[in-house]
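Right, one structure below, let's go through it.
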Amino acid sequence: MLFVLSAPSGAGKTTVAERLLKTCPGLRKIVTVTTRPKREGEKEGVDYLFVEKGDFEKKVREGYFLEYALVYGNYYGTPKEQVLRNEEEGQDSLLVIDVQGAKKVKENYPEAVLLFLMPPSLEELRRRLLSRGYGRENLQERLQKAEEEISCARHFDYVVVNDFIDKTVEALRTVVLAQRHRRENFFRELPLKDQAVLQALREGKCPTFEG
């Protein structure tokens with residue numbers, strides 16, 4: 001399965017995603033390609049795949065991305081090959097992108113599960129952005145964008161308020177586990193060894209529901 005985690009800038013999606021990956025075996029992060037400069041502490045191939053604008057645009061023409069978007073003057077894109085490789089290896093994927101990217105993923109990959117991380121309040125979001133050192137002009141732009149993105153939450157499959165990080169991560173972990181046990185996902189994988197049970201699932205008749 002492909003899980004897509006979105007949130008306004010400053011809502012904590014990167015931190016939450018890191019914690020979620022540690023508590024959910026079988027869930028792998030999709031590393032996004034971006035043209036923005038590397039920030040202090042970020043690692044190539046771990047946080048992002050950093051490329052020049054020309055290289056990014058070449059990959060667009062080659063159909064390399066599941067989706068891509070221009071955000072605050074920089075390109076971000078999701079490599080198809082990572083999602084396909086995880087599918088082949090029986091692993092779920094976690095993609096951490098903005099609302100614009102989430103919409104495109106859903107259009108191209110309808111089975112994707114969209115998760116929205118909601119800030120507890122706009123004032124708290126403002127405080128978090130200030131702590132990152134954004135200036136007044138940039139801050140107002142991001143807060144305005146955040147309000148627009150919050151209005152998009154109603155189009156997501158699940159919404160979790162990121163107030164206390166432990167509760168937030170546990171809520172998202174519960175969603176991932178629940179999705180793995182949905183009927184269609186269970187029958188796709190059939191994680192069973194008992195042949196009698198497998199035969200009953202595949203070939204048996206259910207008089208209660210099927211008459």
Residues that are closer than 21 Å to Pro79 by Cα and either of a type in the set (D, E, K, R) or assigned to a helix (DSSP H, G or I) (or both), drawn from region 4-18: Lys13, Thr14, Ala17, Glu18
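Take Glu189 and decide whether it is acidic (Asp, Glu), closer than 21 Å to Arg28 by Cα and modelled with pLDDT of 90 or more.
Values: acidic (Asp, Glu): yes; closer than 21 Å to Arg28 by Cα: yes; modelled with pLDDT of 90 or more: no.
Judged against the criteria, Glu189 is not a match.
Which members of region 82-95 meet the condition of being free of Cβ contacts under 8 Å to residues at least 12 places away in the same chain and surrounded by 12 or more Cβ atoms within 10 Å (Cβ to Cβ)? Walk me through it before giving the result.
First, pick out the residues of region 82-95 that are free of Cβ contacts under 8 Å to residues at least 12 places away in the same chain: 84-85, 87-89.
Those that are free of Cβ contacts under 8 Å to residues at least 12 places away in the same chain and surrounded by 12 or more Cβ atoms within 10 Å (Cβ to Cβ): Leu84, Arg85, Glu87.
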Report, ordered by the first and then the second residue, all pairs with beta carbons closer than 8 Å, sequence separation of six or more or different chains, a first member in region 149-174 that is under 22 Å from Val105 (Cα atoms) and of a type in the set (Asp, Glu), and a second member that is at pLDDT 90 or above and not in a helix (DSSP H, G or I). Glu149/Ser6; Asp157/Val113; Asp157/Leu114; Asp157/Leu115
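Take the residues of region 151-181 that are touching a strand residue (DSSP E or B) at 6+ places or on another chain (Cβ under 7 Å) and in a helix (DSSP H, G or I): which is surrounded by the most Cβ atoms within 10 Å (Cβ to Cβ)?
Here the residue is Leu172.
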Select from region 50-74 the residues that are buried (at least 19 other Cβ atoms within 10 Å of the Cβ) and more than 17 Å from the chain's Cα centre (by Cα) and list them in ascending order. Phe56
Would you pick out the residues in region 68-84 that are modelled with pLDDT of 90 or more and in contact with a Lys or Arg (Cβ under 9 Å, 6 or more places away or on another chain)? Tyr68, Asn74, Tyr75, Tyr76, Gly77, Thr78, Pro79, Gln82
Scanning region 72-98 residue by residue, those within 23 Å of Phe156 (Cβ to Cβ) and touching a Phe, Trp or Tyr at 6+ places or on another chain (Cβ under 8 Å) turn out to be Tyr76, Gly77, Thr78, Pro79, Lys80, Val83, Asp92, Ser93, Leu94, Leu95, Ile97, Asp98
Looking only at region 117-146, filter to residues that are part of a helix (DSSP H, G or I) and closer than 30 Å to Lys80 by Cα; which one of those is modelled with the lowest pLDDT? Arg142
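Anything in region 154-186 that is aromatic (Phe, Trp, Tyr) and at pLDDT below 85? List them, or say none. Give the steps one after another, and end with the answer.
Initial filter on region 154-186 (aromatic (Phe, Trp, Tyr)): 156, 158, 164, 186.
Within region 154-186, just Phe186 meets the criteria.
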List pairs: first residue in region 194-207 and exposed (fewer than 10 other Cβ atoms within 10 Å of the Cβ), second residue among the polar types (S, T, N, Q) and assigned to a loop (DSSP other than H, G, I, E, B) anywhere in the structure, Cβ distance under 9 angstrom, at least six positions apart or on different chains. none
Which pairs turn up if I take residues in region 43-55 that are within 11 Å of Tyr75 (Cα to Cα) and look for partners that are assigned to a helix (DSSP H, G or I) and modelled with pLDDT under 90 with beta carbon separation below 8 Å, at least 6 apart in sequence or on another chain? none
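The values are calculated or read from the model by the stated rules, or taken from the named source; none is laboratory data. What you see is a predicted model, and the numbers here were worked out from it, not measured in a lab. Note that each Cβ is placed from the backbone with ideal geometry, even for glycine, and that neighbours are counted across all protein chains shown.
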